1. Can you tell me which of 175-187, 281-293, 71-83 comes out highest on packing, and rank the rest after it, using the mean Cβ neighbours within 10 Å?
2. Averaging over all projection directions, find the projected area of the Cα convex hull of the stretch 180-325 and quote it in nm² with one decimal place.
3. For Phe210, enumerate residues with amide H under 5 Å from its amide H, sequence gap 5+ or separate chain, H modeled in the peptide plane.
4. Starting from the Cα-Cα distance between Lys192 and Ser141, subtract it from 0.36 nm times their residue separation and give me the gain in nm to one decimal.
5. Could you tell me how many cubic angstrom of Cα convex hull volume the stretch 78-193 has per residue?
6. Report for the chain the percent antiparallel among DSSP-assigned beta bridges with both residues inside it, nearest 5.
7. Normalised by the empirical 2.2 N^0.38 Å for globular proteins, what value does the Cα Rg of the chain take?
8. Just from its helices, what would the mean residue ellipticity at 222 nm be for the chain, if runs of 4 or more DSSP H residues each count -39500 (n - 2.57) and the sum is divided by every residue, rounded to the nearest 500 deg cm²/dmol?
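Each value in this text was obtained by applying a stated rule to the coordinates, not by laboratory testing. What you see is a predicted model, and the numbers here were worked out from it, not measured in a lab. Here Cβ is always computed from backbone atoms with ideal geometry, including for glycine, and neighbour counts include all displayed protein chains.
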Amino acid sequence: MKPSIGISTIGNGHKIFWKQISIKIGWRSNINILLFGSNGQLGQSFCRLFKKNNINFTALSKDNCDVTKNNDIERVLTDNNYDFIINASAYTNVSDAEINPDNAYKVNDVAIKNIVSLIDKDSSVFIHFSTDYVFDGKKKSPYTEEDSTNPINEYGKSKLNGEIHLEESDINYFIFRTSWVYDNKGNNFPNKIVNQAKEKKSIEVIDDQFGIPNHVDFISSSTLACLNKYNNYSATEKNKSHGIYNLSCNDQTNWFSFAKYILDGIYDKSKNQYEIKAVKSSNFKSNVKRPQHSVLSNKKIIKQFDIKIPSWQYYADKYIESFDE
Ligand SMILES: NC(=O)c1ccc[n+]([C@@H]2O[C@H](COP(=O)([O-])OP(=O)(O)OC[C@H]3O[C@@H](n4cnc5c(N)ncnc54)[C@H](OP(=O)(O)O)[C@@H]3O)[C@@H](O)[C@H]2O)c1
């Protein structure tokens, strides 16, 4: 089968962007995946990965399907039996969420409730992503899936509400909690730091917030590895496996050390192209409270799906290498 891409008219004359691509060995040949939020950092990574592995998928950006609009959700979910429905859509502007919390709750909370109500529980598994910001960051060791949540900002609260809709539903789902997400071109922390260094600005970065950076290609490929394992489970094993998992690389860092690792890898230090200084978060004025220590333990996901997880530095090195290309 040749890969094909197109626009189809479905439902009430609405148009839907789609890609149908042939199947790689290892996946059931008629597996069908629906992807919400396909233009985001993670969404784009999934698109690249599915394409590379010749996996059938339908990619929906916000323009193709606004998850806050019930008509849009109904249109794509009614009479469609997707094996996996992956939600990479989210409201992720943590600072703006403090100013206009309604916008965050519409996407991260209410939309999830609506999607869940329309999923056919007998044919589809819902894959959702959540955040380390569901925790308050007071625990000094890595957070496990059993730890109590206590979000300290509106973004974290809205994401936790989304999780709760899934937990209270009877659909089959996975919630993958992750942290410090970045890709090679988004408006994310490492890209901002790299640009500031390019402009030879003096850079100040906090060194008293701890977590784990996760490149989107790590998140998408690990998700796919888990789903691949899941596909080969018995019905009982499948049922037992549903639930919440932390999906994060190994080894923790802080924002300053992460920034320095990236800049030292990209720029020639001898040319003294940038200046970076560690500061405390109390030096920065911010409208958002952020968890101080939101390191996620990945023991549960490794045990359940037997997947290999590298240090965050492995993906940071790949990110650095992409600047030589
Ligand atoms: N970014 C992080 O540091 C971070 C950390 C921990 C967890 N996470 C979680 O990881 C997941 C992926 O994050 P990401 O970094 O890939 O986010 P992202 O780059 O902000 O992508 C989110 C996507 O969702 C889309 N979207 C927003 N509102 C929508 C709506 N009403 N209908 C449909 N699509 C909508 C956005 O479209 P527009 O851009 O057009 O609005 C964007 O394409 C999310 O669940 C996030 O909460 C992220």
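1. Ranked from most to least packed, the peptides come out as 175-187, 71-83, 281-293.
2. Reported value for the Cα convex hull: 10.3 nm².
3. Residues meeting the criterion, in which the H sits 1.01 Å from N, are His293, Ser294.
4. 15.5 nm
5. Given the Cα convex hull of the stretch 78-193, per-residue volume reads 129 Å³.
6. The answer is about 25 percent antiparallel.
7. The chain yields a ratio of 1.01.
8. That calculation yields -10000 deg cm²/dmol at 222 nm.
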